[in-house]
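Down below is the structure, laid out as structure tokens.
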Amino acid sequence: RISSDDTLNTRGREILAECDLLNLCILNGTKLEAASPGRSTSWQPGGESTIDYAIASKSLLPLVKDFYV
């Protein structure tokens, strides 16, 4: 994955663990994200981050053509 948000916090580790456990894949930051892969989805005075994710079953990946956040 490509991501402009390079900080991995507890919640980030939790979602990655859940995705791994359930055989899911985060689509943000992959070649499937048409507009600009890995861009931030939240902006605050102290910085920006990625907090909105598109997640799909790995078995469905062949059916995903593209998506936009």
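Taking region 23-54, which residues are under 22 Å from LYS65 (Cα atoms) and at pLDDT 80 or above?
Across region 23-54, the qualifying residues are ASN23, LEU24, CYS25, ILE26, LEU27, ALA54.
Can you name every residue in region 58-69 that is surrounded by fewer than 12 Cβ atoms within 10 Å (Cβ to Cβ) and either modelled with pLDDT of 90 or more or not in a loop (DSSP other than H, G, I, E, B) (or both)? I'd like the intermediate steps shown before the answer.
First, the residues of region 58-69 that are surrounded by fewer than 12 Cβ atoms within 10 Å (Cβ to Cβ): 58-60, 62-63, 65-66, 68.
Selection gives LYS58, SER59, LEU60, PRO62, LEU63.
The values are calculated or read from the model by the stated rules, or taken from the named source; none is laboratory data. Being a predicted model, the structure only gives us computed values, none of them experimental. We place every Cβ from the backbone using ideal geometry, glycine too, and count neighbours over all the protein chains shown.
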